[in-house]
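What follows is a short report on a single structure.
The values are calculated or read from the model by the stated rules, or taken from the named source; none is laboratory data. All figures in this text were calculated on a predicted structure; none of them were measured in a lab. Because the Cβ atoms are built from the backbone with ideal geometry, glycine has one as well, and the counts that use them run over all protein chains shown.
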Amino acid sequence: MMSRPKGHLKRRKTMQKYIVLLSSTRRVVVERGKTHYGDFGIIDTSTVEVGDVIRTKKETFVVVEPTISDILSICRRGAQIVTAKDAGQIMAITGLSSGWKCLDAGSGSGFLAIQLGNAVGPKGRVITYEKRKDFFTTAKKNIERCGLEGIVTIKNQDVATFREKNFDLIFFDLKHSHTLVERANARLKPGGWLIVYSPHIEAQIAALEEMRNNHMHVHATIETIQRKWKSNHGYTHPEPSGITHTGFMTFARKVV
């Protein structure tokens with residue numbers, strides 16, 4: 001019989017603490033076994049199972065299992081996060097997959113580390129650094145809420161002196177990321193990816209120059225822009241407060 005890694009079992013048990021109530025107009029993430037009150041009515045989840053249909057006076061829900069994005073929607077944000085649109089680009093461009101070893105700094109609220117941990121799975125590993133104690137505490141709780149502490153290790157330290165090596169992917173979202181390019185390049189596997197994220201193009205230019213100085217293969221610098229639209233009874237328009245620009249990302253790979 002094939003055994004599953006302990007990280008997989010821990011993650012599954014944690015995710016099972018929650019269910020998602022899904023209707024045509026809303027998504028509500030709740031803990032199992034409790035009574036929940038809202039403008040949708042009163043719902044007792046002590047006996048519900050995935051696939052059940054729950055009807056209140058105002059709404060009809062189907063009960064579904066949560067995904068990582070559902071759990072992230074109820075996680076606390078203590079710092080600006082790397083958004084889903086940027087995380088998606090990282091995964092699509094690098095080919096991030098099961099078993100990869102990744103480094104992330106700084107952790108912020110832990111959202112990218114969680115996305116990476118979800119992608120690499122129990123055969124992979126993510127190490128994330130956050131030197132601010134308040135951000136570290138928030139990120140650690142979010143990682144635990146997602147059941148990923150067996151995959152994602154968070155350290156309350158400055159990443160500037162990190163010693164781990166043989167990474168498939170390193171991601172920096174730091175004020176002076178360019179000063180760590182040489183160190184990152186030395187600790188990547190051949191062909192491994194370095195991604196530098198910054199809200200300012202001047203910082204990206206500095207990182208790009210360091211990547212070239214270290215003879216890395218520069219893949220691209222991208223700006224991912226996203227604008228949500230709202231459609232309501234025949235009236236369609238952009239949402240006034242949607243996320244558009246969040247930052248620039250430069251992707252490079254280790255050659256030697």
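ALA206 meets the stated requirement of being assigned to a helix (DSSP H, G or I) and surrounded by 12 or more Cβ atoms within 10 Å (Cβ to Cβ).
Filtering the range 73-115 to residues that are surrounded by 15 or more Cβ atoms within 10 Å (Cβ to Cβ), assigned to a loop (DSSP other than H, G, I, E, B) and touching a Ser or Thr at 6+ places or on another chain (Cβ under 9 Å) leaves CYS75, GLY78, ALA79, ILE81, VAL82, THR83, TRP100, GLY106, SER107, GLY108, SER109, GLY110. Restricting attention to the range 165-174, the residues that are part of a strand (DSSP E or B) and not hydrophobic (A, V, I, L, M, F, W, C) total 1. Remark: pairs (first residue in the range 25-52, over 15 Å from ASP70 (Cα atoms); second residue exposed (fewer than 12 other Cβ atoms within 10 Å of the Cβ) and among the polar types (S, T, N, Q); Cβ separation under 6 Å; 6+ apart in sequence or on different chains) = GLY33/SER46; ASP44/THR35.
Among the conditions (1) out of contact with any Lys or Arg (no Cβ under 9 Å at 6 or more places or on another chain); (2) assigned by TED's automatic domain parsing to the domain that holds PHE172; (3) at pLDDT 90 or above, the only one that GLY110 does not satisfy is (1).
The set of residues from the range 217-239 being closer than 22 Å to ALA87 by Cα and more than 25 Å from the chain's Cα centre (by Cα) comprises just one member, HIS217. In the set VAL159, VAL120, only one residue is closer than 23 Å to ASN214 by Cβ and of a type in the set (Val, Ile, Thr); that residue is VAL159. Tell me which residues, restricted to the range 161-200, are over 23 Å from the mean Cα position of the chain (by Cα) and either hydrophobic (A, V, I, L, M, F, W, C) or outside the structural domain of GLN80 (by TED's automatic domain parsing) (or both). Within the range 161-200, ALA186 is the sole residue that qualifies. Considering (1) closer than 29 Å to VAL255 by Cβ; (2) crowded, with 17+ Cβ neighbours inside 10 Å, the lone condition that GLU130 does not fulfil carries the number (1). Against the numbered list (1) modelled with pLDDT under 95; (2) touching an Asp or Glu at 6+ places or on another chain (Cβ under 7 Å), LYS175 comes up short only at (2).
If you check ARG12, ARG27 for being surrounded by fewer than 15 Cβ atoms within 10 Å (Cβ to Cβ) and either modelled with pLDDT under 80 or among the hydrophobic types (A, V, I, L, M, F, W, C) (or both), only one passes: ARG12.
Within the range 46-72, the set of residues being part of a loop (DSSP other than H, G, I, E, B), under 28 Å from the mean Cα position of the chain (by Cα) and β-branched (Val, Ile, Thr) comprises VAL50, THR67. Considering only residues that are within 20 Å of GLN89 (Cα to Cα) and in a loop (DSSP other than H, G, I, E, B), which ones fall in the range 175-200? Scanning the range 175-200 gives PRO199, HIS200.
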